[in-house]
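As structure tokens, the structure follows; a few thoughts come after it.
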Amino acid sequence: MPPRPPLSIFTKMKRQAVLQNRNVLGWLQASPLAVVLLGFLVAPIVMIVIVSFWGATEYSIYPAFQFDNYEFLFGSSVTYTVFFNTFKYALITWAMTLVLGFTVAYFLAFEVRSLKWQIGLFLVCTIPFWTSNIIRMISWIPFLGRNGLANSTLISWGVIDEPLEWLLFSDFSVILAFVHLYTLFMVVPIFNSMMRIDRSLLEAARDCGASGFQTLRNVIIPLCKPGIMIGTIFVTTLVMGDFITVRFMSGSQRANVGRLISNDISLLQYPSASATAVVLLCTVLIVIALLLRLVDIRKEL
Amino acid sequence: MEKRSRSFYVLAAFFGLFVLFLYGPIVTIGILSFQGPQGGLTFPMNGVSLHWFRDLFQEQAVGDIWGSFRRSFALGLMVMVTTVVVSVLGGLAFRKRFAGSTVLFYLTIASLVIPSILISLGVGLIFNQIGLPVHWASSGFGSQLTWTIPFGLLIMFAVFNRFDKSYEEAARDQGATAWQTFTYVVLPIIAPSLLGVALFGFTLSYDEFARTLLTAGSYNTLPLEIFGMTTNVTTPVIFALGTLTTLFSFFVIGVFFLAVWLSSRRQDKTSDAGKGMV
């Protein structure tokens with residue numbers, strides 16, 4: 001390339017104009033997005049923060065600036081149990097979806113050889129995502145119930161003598177449903193990272209005498225880190241913010257923070273619900289901030 | 001082709017089990033929805049009949065299933081169209097790295113990770129305080145967009161990051177206006193991906209529960225209706241409904257895949273653009 005001639009003042013001005021123009025056009029194009037996010041994301045959050053300082057009577061709420069809701073929240077031992085439960089669900093679900101998701105993605109990316117099959121099997125994994133979560137939860141009932149498939153099969157095999165009670169409406173069923181619903185969120189980003197790995201790196205590893213396990217540990221896993229992180233963010237935030245899976249799959253016998261909020265809502269205790277929501281939001285944001293220190297998502301798209 | 005290693009068969013079996021885990025339950029309720037009139041929520045089958053499907057189509061006490069289906073369908077279409085338009089515009093905007101784009105990007109990501117119940121609660125509170133009634137087509141519509149648009153935008157990011165700018169430059173060099181470049185060059189190239197965005201928009205809206213819970217108002221959408229049924233319906237009619245709505249989802253997904261396939265085939269056939277490059 002020949003050396004560039006110095007820019008004339010006119011070119012500079014023109015560039016400036018284009019730059020400004022570009023900003024204006026960018027804003028115009030981004031404005032619908034901004035309107036939706038301001039109106040239905042930022043404003044609601046601001047509203048929740050405001051209402052969290054309000055007071056409530058049995059049937060109405062009134063504007064105020066008091067810390068009663070927070071005092072009550074932090075003063076109650078229930079809060080700590082429920083937060084502990086929330087983290088427990090998030091951690092266990094995360095570990096299980098990671099192992100499952102990674103293995104499935106590994107199979108698709110490295111063991112299936114034709115692109116057609118890769119795409120086909122990948123779609124098989126993603127299709128349930130486009131169906132109803134509620135139906136997918138309901139569909140566990142015939143499996144896990146007292147007289148369900150799992151119990152009757154185990155009894156007929158002679159593994160157990162009487163039905164297991166902890167299959168449905170327990171921590172077990174809650175986590176099972178979480179794994180069932182959210183493993184996809186691990187599979188997709190990890191698969192995406194794996195497909196970008198240059199296959200010659202794997203050959204190089206093998207040529208250098210690395211065993212399959214060493215290749216996995218020293219080449220594949222480090223290169224999948226961004227995918228793993230994105231999946232982790234999805235799964236942990238979805239589980240931490242959930243209330244319906246816990247309510248439905250535990251038959252209202254277990255609680256997490258989301259259920260605490262939804263219970264307050266059903267009692268019309270909006271200020272108290274808002275305070276809990278603010279604390280939940282802060283918790284989720286802290287978790288994400290910690291995770292984001294490990295990966296720059298914008299680079300990975 | 002080299003021989004399959006043992007790990008292939010182990011992993012293939014694992015994958016098979018995973019698919020069984022994904023689809024097994026839904027297939028089970030599909031079978032159970034054909035229970036005889038005396039049948040219960042679990043096996044064994046007590047005869048085989050269409051009793052519970054017939055139940056769905058009759059005038060019933062359990063609620064307004066068909067009304068809620070119509071609302072969910074209409075809302076899904078509204079959300080779908082809006083999601084496609086906003087995502088494409090947003091995707092174009094983000095290519096320009098305009099001032100403030102970083103903030104907007106992080107807001108979009110935040111929209112994905114913020115618990116749905118917060119959106120539901122916040123939007124409900126705002127409508128309450130302004131004195132507007134919550135309605136599925138206003139507050140419910142907006143709340144769902146905060147879930148569908150980020151997915152649409154992520155797809156657009158992926159599309160535009162792989163988009164070859166020289167097509168646009170070529171169009172511009174030949175004297176096309178910005179609008180012509182967009183409609184005749186950019187849009188046809190990204191069209192199959194737009195179908196993907198539309199699929200996300202429709203299905204995520206059609207199945208959304210948490211964000212519509214406090215924002216749908218007095219007329220339920222289908223997921224809300226189904227959830228209401230879980231607390232007071234103890235017959236396989238709920239399985240029949242689940243089977244039907246899942247089949248409907250599969251049908252919608254199938255239509256989108258067909259459309260993607262057709263549009264990519266048309267692209268392959270009608271134009272030899274880029275063939276010389278290979």
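No value in this document is a laboratory result; all are computed from the given coordinates. As the structure is a computational prediction, the values presented were derived from the model and not from experiment. Neighbour counts run over all protein chains shown; Cβ positions are idealised from the backbone, glycine included.
Per residue, what volume in Å³ does the Cα convex hull of region A:35-179 take up?
Numbers: hull volume 33.0 nm³, N = 145.
That works out to 227 Å³ per residue.
Modelled spin-label separation between A:Ser152 and B:Leu258, with each label point placed 7 Å from Cα along the Cα-to-Cβ direction: 3.7 nm. Across peptide A:253-263, the mean count of Cβ atoms from other chains lying within 10 Å of each residue's own Cβ comes to 2.
Counting partner chain Cβ atoms within 10 Å of every residue's Cβ in B:102-112, what's the average?
Details: counts 1, 2, 7, 4, 3, 7, 5, 5, 8, 6, 4.
That average works out to 5.
How large is ³J(HN,Hα) for each residue in region A:95-100, as worked out from phi by the Karplus curve 6.51 cos²θ - 1.76 cosθ + 1.60 (θ = phi - 60°), to whole Hz, x for Gly and Pro? Each residue's phi maps through the Karplus curve to give 4, 6, 5, 5, 4, 4 Hz. Taken one residue at a time, the phi angles of region A:139-150 give Karplus couplings (6.51, -1.76, 1.60, θ = phi - 60°) of 5, 7, 4, x, 7, 9, x, 3, 9, x, 4, 4 Hz. Gly and Pro are set to x.
The shape of region A:84-158 can be summarised by an equivalent ellipsoid whose semi-axes, obtained from the alpha carbon gyration tensor, come to 29, 19, 15 Å from longest to shortest. Here the spin labels are modelled as points 7 Å beyond Cα on the Cα-Cβ line, and at B:Ala137 and B:Leu20 they lie 4.8 nm apart. For region B:185-266, relative contact order (Cα pairs under 8 Å, six or more residues apart, normalised by length) works out to 44 percent.
Once the Cα gyration tensor of region B:142-278 is diagonalised, what are the square roots of 5 times its eigenvalues, in whole Å and ordered largest first, as equivalent ellipsoid semi-axes?
Working: eigenvalues 344, 65, 19 Å².
For region B:142-278, the ellipsoid semi-axes come out as 41, 18, 10 Å.
Using only the Cα atoms of region B:188-255, build the gyration tensor, take square roots of its eigenvalues as a ≥ b ≥ c, and label the shape rounded, prolate or oblate: rounded if a/c is under 1.5, else prolate if a/b is larger than b/c, else oblate. Before the final figure, lay out the partial values.
Details: a/c = 4.55, a/b = 1.73, b/c = 2.63.
Here region B:188-255 falls in the oblate category.
In angstrom, the C-alpha Rg and Dmax of the protein assembly as shown are 25.8, 90. Between region B:52-110 and region B:113-179, the C-alpha centres lie 9 angstrom from each other. Take the Cα of A:Ser60, step 7 Å toward its Cβ, do the same at B:Phe251, and the gap between the two points is 4.8 nm.
Kirkwood hydrodynamic radius, computed over distinct alpha-carbon pairs, for region B:1-125: how many Å, to one decimal? Result for region B:1-125 stands at 20.7 Å. Report the relative contact order of chain A, percent, no decimals, based on alpha-carbon pairs under 8 angstrom and at least 6 residues apart. Relative contact order of chain A: 26 percent. Peptide B:131-143 is shielded by partner chain Cβ atoms: per residue, an average of 1 of them sit within 10 Å of its Cβ.
Using Cα pairs closer than 8 Å and at least 6 residues apart in sequence, work out the relative contact order for region A:150-295, in percent. List each step's numbers first, then the result.
Details: 122 pairs, mean separation 36.8, N = 146.
About 25 percent, as a whole number.
Of the trypsin sites (Lys or Arg not before Pro) found in region A:148-251, none is in coil by DSSP with at most 16 other Cβ atoms within 10 Å of its Cβ.
Across chain B, the convex hull enclosing all Cα atoms gives 217 Å³ per residue.
If you take the square roots of the eigenvalues of the alpha-carbon gyration tensor of region A:164-270 and sort them as a ≥ b ≥ c, do you get rounded (a/c under 1.5), prolate (a/b over b/c) or oblate? Write down the numbers at each step before the final one.
On the way: a/c = 4.78, a/b = 2.60, b/c = 1.84.
The shape class here is prolate.
From the alpha carbon centroid of region A:66-121 to that of region A:31-63 is 27 Å. Which net charge results for the neighbourhood of A:Phe53, defined as the other residues with beta-carbon distances under 12 angstrom from its beta-carbon, given Lys and Arg at +1 and Asp and Glu at -1? Result for the neighbourhood of A:Phe53: -2.
By Kyte-Doolittle mean hydropathy of at least -0.5 and Cα axial length of at least 27 Å, which whole DSSP H helices of chain B are selected? Present the calculation step by step, with values, prior to reporting the outcome.
Values: long enough: B:6-32 (38 Å, 1.90); B:65-95 (44 Å, 1.32); B:141-161 (29 Å, 1.29); B:187-207 (30 Å, 1.44); B:237-270 (49 Å, 1.13).
Going by DSSP H runs, the hits are B:6-32, B:65-95, B:141-161, B:187-207, B:237-270.
For chain A, set up a GNM with springs between Cα atoms under 10 Å and report which of A:Val235, A:Val246, A:Val124 has the largest fluctuation. Maximum fluctuation in the GNM of chain A, among the listed residues, is at A:Val124.
Using a Gaussian network model of chain B in which every pair of alpha carbons under 10 angstrom is joined by a spring, one finds that among B:Thr42, B:Thr146, B:Thr212 the greatest mean-square fluctuation is at B:Thr42.
So which trypsin sites (Lys or Arg not before Pro) in region B:1-51 end up in coil per DSSP with only 16 or fewer other C-beta atoms within 10 Å? Walk me through the intermediate numbers first.
Numbers: sites: B:Lys3, B:Arg4, B:Arg6; in loops: B:Lys3, B:Arg4.
Of the trypsin sites (Lys or Arg not before Pro), the ones in loops of region B:1-51 whose Cβ has at most 16 other Cβ atoms within 10 Å are B:Lys3, B:Arg4.
Counting every alpha-carbon pair across chain A, the share separated by more than 36 Å comes to 39%. Comparing B:Leu41, B:Leu77, B:Leu32 in a Gaussian network model of chain B where C-alpha atoms under 10 Å apart are linked, the largest mean-square fluctuation is found at B:Leu41.
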